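A short write-up of the structure that comes next.
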Amino acid sequence: MIPSYDPNDTEAGLKLLEDLTTNAEAIQQQVLHQILSQNSGTQYLRAFLDGESDKNLQSFKNKVPVVNYDDIKPFIQRIADGESSDIVSAQPITELLTSSGTSAGKPKLMPSTAEELERKTFFYSMLVPIMNKYVNGLDEGKGMYLLFIKPEIKTLSGLMARPVLTSYYKSQHFRNRPFNKYNVYTSPDQTILCQDSKQSMYCQLLCGLVQRSHVLRVGAVFASAFLRAVKFLEDHYKELCADIRTGTVTSWITDSCRDSVLSILNGPNQELADEIESECAEKSWEGILRKLWPKAKYVEVIVTGSMAQYIPTLEFYSGGLPLVSTMYASSECYFGINLNPLCDPADVSYTLLPNMAYFEFLPVDDKSHEEINFASHSNTDDEDALKEDLIVDLVNVEVGRYYEIVITTFTGLYRYRVGDILKVTGFHNKAPQFRFVQRRNVVLSIDTDKTSEEDLLNAVTQAKLNHLQQPSSLLLMEYTSYADTSSIPGHYVLFWELKPRYSNDPPKLDDKTMEDCCSEVEDCLDYVYRRCRNRDKSIGPLEIRVVSLGTFDSLMDFCVSQGSSLNQYKTPRCVKTGGALEILDSRVIGRFFSKRVPRWEPLGLDS
Ligand code: AMP
């Protein structure tokens, strides 16, 4: 069922893509049929479907419910704790993938199988002919892709729990990939697989710089990670150049990847070190990517969704190189690819590959992107039945409409709501193309963190209760937030309007109290936020900007002047750049930062 072709044969790859998208409807039917045939004996499906005779589309739609993570968490937890995979999947679950989406503050765990790694390999292979269609000569050099692994843990069952990319990079599919001249990287696998992210970054940049004359494209998975690499380079270029000059690797690289880096350095190179150092010593780093990697044709990083906030900074460093978002994927399933990779980042759409999973779409409100009030669509109050009426198949989505994606995978997820909101922008043959709109309920995101309005409210409430009421006796009148990515790494900013409990005077702000508030908020945010802050250092210290009394009234006036209804006005819990941010920033009376890193430790084994 998983197709393959010779990745060096661009024509064959493009033809396969045409076949898949042309036959999207039939392929979706086959996918569902295969998933149901394979898994009809699982405990999960047996609870809804009545054996053989019930393996058809209609029974599936009528009887298997659309679910959220909390509905399936007990099943997955049982597998993590050592029960048999066949609770959800006939094929053995070989690992659990830790998503950056969280449940009760911890990463969601997604089942995966050996076969799924093959499906991912196929998916990656489909990106090659598309890039080749638009960019010539990619087989004549290398890609400098900065790729990293993250910590993993063994669950009680012995299964590993780890992020999806860590799983892929550690797999034989990546490590023993057949040689293909379109996929030659500057980073030796050992540097990608290095557990220490700082050593990994240093070594990968060193290898990328040494081989700069061969580099045809640069990138990382997400824009945030790539920009962190640029900042790292800014902080370490002298040391990197010293290593190139002497042909040695600095002493703090103790990981076993050291030898692979030494073999790439291949002796001292004074001239190269001087060239790089003089580019890096320039006062402005505008266009630095082009200067350091003069043959690079594009920067491959995801800049859609929450990553769009990094486009201006990337444009500054890239000196006009196209920013290419190639794919849309998750721990649950890999979804789709961008068939027009050189397009403007604002126009990126992903075409879903119909053989990756069975896809359904739950319509959401076109304006608010929130769930449609199903009850208003019918006179019955069985909400699940109404949802079933509205949910549509892959090929039946309507251009211009917004949907939440619902997936049934080969790995044991059935009608699972991923939480991503997508807008249909068109079709490629019979396969729809989607713009990524947003993650359901997420207000703040800097890296892979996804903080919801509710997470933020809980954290702010905790800080307020523990630090504002006693001893300072301040009232938190209003708050909002902002993801500040003007420096690297970015950080969360909270705007707080504070008032003394017993007067209308401006509040007296005590540094220690406010810093404690910053730290308390961080302590209360979820596992992924704290991992980014603590281990990955991909988010900077949280900041509270206290604004003068009356600021949130001005914010309301502004929002109403921009079209918000006064009756229904709700303080936005997150603002983006623009007028609202200017109003808040112009009224700041105090700025405070968290002075300590929040607690974080690798995922516990408890449920
Ligand atoms: P994870 O489960 O941690 O791998 O995160 C997957 C999530 O990252 C997806 O469900 C999306 O919300 C987001 N994501 C992945 N790829 C893209 C993309 N190309 N554009 C925007 N968001 C993305």
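The values are calculated or read from the model by the stated rules, or taken from the named source; none is laboratory data. Everything numeric in this text was worked out from a predicted model, so none of it was measured. Heads up, the Cβs are rebuilt from the backbone with ideal geometry, glycines too, and the neighbour counts pull from every protein chain shown.
Taken together, the criteria place residue 35 among residues that are assigned to a helix (DSSP H, G or I), aliphatic (A, V, I, L, M) and in contact with a strand residue (DSSP E or B) (Cβ under 7 Å, 6 or more places away or on another chain).
With respect to (1) touching a helix residue (DSSP H, G or I) at 6+ places or on another chain (Cβ under 7 Å); (2) more than 19 Å from residue 354 (Cβ to Cβ); (3) surrounded by fewer than 19 Cβ atoms within 10 Å (Cβ to Cβ), the lone exception for residue 9 is condition (1). Residues considered: 119, 78. Of these, the only one that is touching a helix residue (DSSP H, G or I) at 6+ places or on another chain (Cβ under 9 Å) and charged (D, E, K, R) is 78.
Please verify whether residue 121 is free of Cβ contacts under 8 Å to residues at least 60 places away in the same chain and either within 24 Å of residue 434 (Cα to Cα) or buried (at least 18 other Cβ atoms within 10 Å of the Cβ) (or both), treating the condition exactly as stated. Taking the combined requirement at face value, the residue satisfies it. The set of residues from region 293-317 being more than 17 Å from residue 445 (Cα to Cα) and assigned to a loop (DSSP other than H, G, I, E, B) comprises 293, 294, 295, 296, 297.
The residue of region 76-132 that is modelled with the highest pLDDT, among those that are part of a strand (DSSP E or B) and among the charged types (D, E, K, R), is 95. Kindly provide the set of residues from region 422-459 that are within 12 Å of the ligand (Cβ to nearest atom), aliphatic (A, V, I, L, M) and within 14 Å of the chain's Cα centre (by Cα), ordered by number. Within region 422-459, 437, 442 meet the criteria. The selection criterion, being buried (at least 22 other Cβ atoms within 10 Å of the Cβ), farther than 15 Å from residue 260 by Cα and among the charged types (D, E, K, R), holds for residue 162. On inspection, residue 5 passes the criterion of being among the aromatic types (Phe, Trp, Tyr), in contact (Cβ under 8 Å) with a residue 24 or more places away in the chain and under 30 Å from residue 184 (Cα atoms). In summary, no strands (runs of 3 or more DSSP E) completely within region 318-369 bear 3 or more residues that are acidic (Asp, Glu).
The helices (runs of 4 or more DSSP H) located wholly in region 170-256 that include 1 or more residues which are within 27 Å of residue 297 (Cβ to Cβ), touching an Asp or Glu at 6+ places or on another chain (Cβ under 7 Å) and of a type in the set (Gly, Ala, Ser) occupy 223-246. In a residue-by-residue description of region 525-539, the property of being over 29 Å from residue 448 (Cα atoms), out of contact with any helix residue (DSSP H, G or I) (no Cβ under 7 Å at 6 or more places or on another chain) and among the aliphatic types (A, V, I, L, M) applies to no position. Does residue 295 count as more than 21 Å from residue 238 (Cα to Cα) and not polar (S, T, N, Q)? Answer is yes for this residue.
Scanning region 465-494 for residues that are within 19 Å of residue 551 (Cα to Cα) and over 22 Å from the mean Cα position of the chain (by Cα), we see that the one that is surrounded by the fewest Cβ atoms within 10 Å (Cβ to Cβ) is 475.
Taken together, the residues in region 558-578 that are over 24 Å from the mean Cα position of the chain (by Cα) and either surrounded by 14 or more Cβ atoms within 10 Å (Cβ to Cβ) or closer than 27 Å to residue 520 by Cβ (or both) amount to 5. If only residues of region 314-334 that are aromatic (Phe, Trp, Tyr) and more than 8 Å from the ligand (Cβ to nearest atom) are counted, the one that is surrounded by the fewest Cβ atoms within 10 Å (Cβ to Cβ) is 316.
For residue 281, the requirement of being aliphatic (A, V, I, L, M), at pLDDT 95 or above, away from the ligand (no atom under 16 Å from the Cβ) and surrounded by fewer than 17 Cβ atoms within 10 Å (Cβ to Cβ) is met. Restricting attention to region 558-607, the residues being of a type in the set (Val, Ile, Thr), part of a helix (DSSP H, G or I) and in contact (Cβ under 8 Å) with a residue 24 or more places away in the chain number 1.
Take the residues in region 137-173 that are in contact with a helix residue (DSSP H, G or I) (Cβ under 7 Å, 6 or more places away or on another chain), away from the ligand (no atom under 16 Å from the Cβ) and not small (Gly, Ala, Ser); name whichever of them is nearest to residue 224 (Cα to Cα). Among those that are in contact with a helix residue (DSSP H, G or I) (Cβ under 7 Å, 6 or more places away or on another chain), away from the ligand (no atom under 16 Å from the Cβ) and not small (Gly, Ala, Ser), it is 146. Return the residue satisfying two criteria in turn: it lies in region 49-72 and is outside any helix (DSSP H, G or I) and among the polar types (S, T, N, Q), and of such residues it is farthest from the chain's Cα centre (by Cα). Top of the filtered list is 56.
When restricted to residues that are in a helix (DSSP H, G or I) and not charged (D, E, K, R), region 523-549 contains 6.
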